[in-house]
Amino acid sequence: MVKKTIVSLLSMMLGFGLTVAEATTPKDVESLTIHTSAPTVNGESAISVSVLWRIDDKMRYSGTGLTFIYGPDTNKADDAVSVASKMVTSIKESMMVQEPSWRGAEVEQITKGGVKTAALKVNNKQGHSLNEFVVRDYSNQELITYQVKPSFSGDGVSAAIDLVYAESADGSNPFLSVGKKKSVNKQAKGGGIVVTVGDRGAVTVETANLTTEQIEEKLASALSGSGGFVTGSQLFDDVKDGTTRNVKPFDGSEVQFKSLSGNEIKISVKDPAIAAIVKLKYPDENGSNLEIPMSLIFLILAGVVGVVGYYYWKSQNSEQNELT
């Protein structure tokens, strides 16, 4: 009887352990691919990246990295491949303050035949999930593409495009100023912005003599068929991880997409006075997943078996004492 009890307990605990293991968020279930290109802004400009993730049923963690890009007029001008390399390094460095087991994102530069390409991929680690991702591109890349699998709506990802004034265009640091950026005293220089969402055709919005809010309104109108709309609230609050110099305050409006049928967003900013901030919000649904280490399960099992064995031994001794 006792042997059967121990075997039953063993089977139950192992079954529970396998069930728990299956409940963790699988590796690579959330994936983001970014295709980069060469910068068009002269001089030195910046790209800032924020990543926020959750450990299953535990705390959320984040990191923000900053890298500087050299324009076509410099002696060490960056090309599309070096931009991707710098973004990979920036994201990795942003997570260095976390314990290795807490780092929930894996990032790598995509290679073909052992050669680095102008693309990088960010995936979630086993037992972690991506929650928020932000790219603040002040280098005005010729074309930057964000791809989500299988699609934005299929993966439950919402998106936003926030157009801001590229303060580095007039020689000031875009990360030191505070307060709202949209002002009637500021206007775009001209050149336009081209955006493609999903499988719909590209839309072009001219920017000359417009404020960023006016440009966003025109962009949202052109992308209304894709669900784009202007809102005065952010898709999510700015990451606050101690590196606020890399994050400009929200300027008061952005174009949001709550449900996109396509799997990519392409942006080309041709106006040197304007920069694009792209935000992606992944569903945060793993809070109910319980992750218990197998070592703890076996420790509990050993304790249960020990208690059962002790009472079995005690009962056997009692029977022998009664017989004698």
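The values are calculated or read from the model by the stated rules, or taken from the named source; none is laboratory data. A quick note: this is a predicted structure, and the numbers were derived from the prediction, not measured. When we count neighbours, we look across all protein chains shown, and the Cβ atoms used for this are built from the backbone with ideal geometry, even at glycine.
Among residues belonging to the range 96-113 that are at pLDDT below 95 and either in a helix (DSSP H, G or I) or hydroxyl-bearing (Ser, Thr, Tyr) (or both), point out the one that is nearest to the chain's Cα centre (by Cα). Residue satisfying both the conditions and the ranking: Trp102. Listed by position, the strands (runs of 3 or more DSSP E) inside the range 173-283 whose residues that are surrounded by 16 or more Cβ atoms within 10 Å (Cβ to Cβ) and at pLDDT 95 or above number at least 1 are 193-197, 203-205, 254-257, 264-269, 274-281. Each residue in the range 69-86 was checked for being loosely packed, with under 15 Cβ neighbours inside 10 Å and either among the hydrophobic types (A, V, I, L, M, F, W, C) or closer than 21 Å to Asp238 by Cα (or both), and 1 of them qualify.
Among Lys116, Lys121, which is the only one that is assigned to a strand (DSSP E or B), among the charged types (D, E, K, R) and more than 11 Å from Leu32 (Cα to Cα)? After applying the criteria, what remains is Lys116. A search for C-beta distances below 7 Å between a residue of the range 144-162 that is touching a residue at least 60 places away in the same chain (Cβ under 8 Å) and farther than 14 Å from Val134 by Cα and any residue that is assigned to a strand (DSSP E or B) and of a type in the set (Val, Ile, Thr), counting only pairs 6+ apart in sequence or on different chains, returns Asp155/Val148. One residue stands out in the range 21-58 among those that are among the acidic types (Asp, Glu) and at positive phi: the one that is modelled with the highest pLDDT, namely Asp28.
Residues that are surrounded by fewer than 22 Cβ atoms within 10 Å (Cβ to Cβ) and hydrophobic (A, V, I, L, M, F, W, C) within the range 23-45 comprise Ala23, Val29, Ala38, listed in sequence order. Taken over the range 87-109, the residue count meeting the criterion of being out of contact with any helix residue (DSSP H, G or I) (no Cβ under 8 Å at 6 or more places or on another chain) and surrounded by fewer than 18 Cβ atoms within 10 Å (Cβ to Cβ) is 10.
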